[in-house]
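Only one structure is covered here, and it is reproduced in the block below.
The values are calculated or read from the model by the stated rules, or taken from the named source; none is laboratory data. Everything numeric here is computed off the predicted structure, so don't read it as measured data. Here the Cβ positions follow ideal geometry from the backbone for every residue, glycine too, while neighbour counts run over all protein chains shown. Only protein heavy atoms, including side chains, enter the accessible area calculation; ligands, DNA and RNA are left aside. Shrake-Rupley method; radii C 1.70, N 1.55, O 1.52, S 1.80 Å.
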Amino acid sequence: MGQRQFLMLCLLPLAVFTLAFLAIPLGRLILASGESEAGWAIYLKIIQTPRYVSTLVQTVVVSLAVTAAALAISTTAGLFLVRNRFVGRNTLLSILTLPLAFPGVVVGFMIILLGGRQGLVNQLLPGHWVFAYSITGLFLGYLYFSIPRVLLTVMAAAEKIDPALEEAAQTLGAPPHRIVIDVLLPALSPALIAAGGIAFATAMGAFGTAFTLATDIDVLPMVIYTEFTLSANIAMASALSVILGLVTWAILLIARSFSGGT
């Protein structure tokens with residue numbers, strides 16, 4: 001067997017997977033979006049429908065807010081855990097990454113236990129503190145499972161930063177905040193952009209948490225679900241899915257272009 005034949009044989013499983021689980025389902029989804037009476041004008045209808053537009057904007061805003069908060073929290077915690085060794089560090093790291101083991105439904109249920117009508121916050125604090133069924137609850141739920149993903153990426157990148165760079169900055173008299181701004185953040189920027197893109201994409205498409213907290217929440221995955229199941233509007237559900245995918249793909253493409261090849 002020649003080298004070319006061996007290479008083609010190795011690429012065959014990837015080609016089969018790409019065709020069967022990516023290309024064909026995606027192509028069928030796009031074709032299904034144009035099978036309504038409106039045809040391909042269904043995309044124009046979505047743009048002209050205030051509910052769909054506001055839902056898309058709200059989904060993007062929540063995803064951006066979750067991404068920014070996850071980056072801020074995970075970067076701070078990641079740098080601290082990489083630069084410090086102490087008793088219980090591994091236990092703390094295990095707790096911070098524990099949300100990776102929970103599906104979205106469990107995360108939503110935990111938010112209800114925290115901020116629901118019978119939740120812990122409502123029982124301990126005076127007044128009517130119910131936030132689980134709103135965008136606030138959804139934001140906290142998305143943030144909960146976004147932090148571990150960003151944290152692990154930041155820690156992996158921070159461990160590769162040469163400590164001599166920080167030592168040189170200290171020798172030159174740079175204060176701690178300037179070391180973070182001028183040394184650490186530029187070195188971490190490719191990892192932060194990549195992790196932010198993943199966090200955004202995860203929040204855009206997350207369904208289980210939104211489904212559990214869906215009382216006063218109107219985000220795009222929930223609208224797609226209701227169009228498909230309650231209204232049996234397969235074309236609209238498909239078109240909304242395509243738009244959701246395009247927005248997420250565009251953000252990932254931008255993140256990839258800014259992160260470079262590192």
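Judged by the gyration tensor of its Cα atoms, with axes a ≥ b ≥ c, the stretch 141-183 is oblate; a/c meets the 1.5 cut and b/c is at least as large as a/b.
Using θ = phi - 60° in the Karplus curve 6.51 cos²θ - 1.76 cosθ + 1.60, the 3J(HN,Hα) couplings for the stretch 43-56 round to 5, 5, 4, 4, 5, 8, 9, x, 5, 5, 5, 5, 5, 4 Hz; x is entered for Gly and Pro. 3J(HN,Hα) along the stretch 105-112: 5, 5, 4, x, 5, 5, 5, 5 Hz, from the Karplus curve 6.51 cos²θ - 1.76 cosθ + 1.60 with θ = phi - 60°, whole Hz, x for Gly and Pro. For the chain, rounded, prolate or oblate, judged on the Cα gyration tensor with a ≥ b ≥ c (square roots of eigenvalues), a/c < 1.5 rounded, else prolate if a/b > b/c? Oblate, because a/c is 1.5 or more while a/b does not exceed b/c.
Here the simple spin-label model places points 7 Å from the Cα toward Cβ, and for Gln3 and Glu167 these points are separated by 4.3 nm. Note on Ala232 and Val105: with the Förster distance fixed at 30 Å, the Cβ-Cβ geometry gives a FRET efficiency of about 0.80.
At a 1.4 Å probe radius, carbon and sulfur cover how many percent of the accessible area of the chain?
Here carbon and sulfur together make up 71 percent of the probe-accessible area.
Peptides 19-30, 154-165 ranked from most to least packed, by the mean per-residue count of other Cβ atoms within 10 Å: 154-165, 19-30. The stretch between Leu22 and Ser189 holds 57.1 nm of extra length on full extension. This uses 0.36 nm per residue minus the Cα-Cα distance. 3J(HN,Hα) along the stretch 73-86: 5, 5, 5, 4, 5, x, 5, 5, 5, 6, 8, 10, 10, 8 Hz, from the Karplus curve 6.51 cos²θ - 1.76 cosθ + 1.60 with θ = phi - 60°, whole Hz, x for Gly and Pro. The gain in end-to-end length when the Gln58 to Leu120 segment is fully stretched comes to 19.6 nm, 0.36 nm per residue minus the alpha carbon separation. In this structure the chain gives 57 Å² per residue of accessible area when probed at 1.4 Å with all protein chains present.
Pairs of Cα atoms under 8 Å, at least six residues apart: use those to get the relative contact order of the chain, whole percent.
Values: 281 pairs, mean separation 72.6, N = 262.
Relative CO of the chain lands at 28 percent.
In this simple spin-label approximation, Phe86 and Phe207 carry label points 7 Å from Cα along the Cα→Cβ vector, and these lie 4.2 nm apart. Extension gain for Phe258 to Leu98 (0.36 nm times residue separation, less C-alpha to C-alpha distance): 54.6 nm. Taking packing as the residue-averaged number of other Cβ atoms within 10 angstrom, the listed peptides 115-122, 210-217 run from highest to lowest as 210-217, 115-122.
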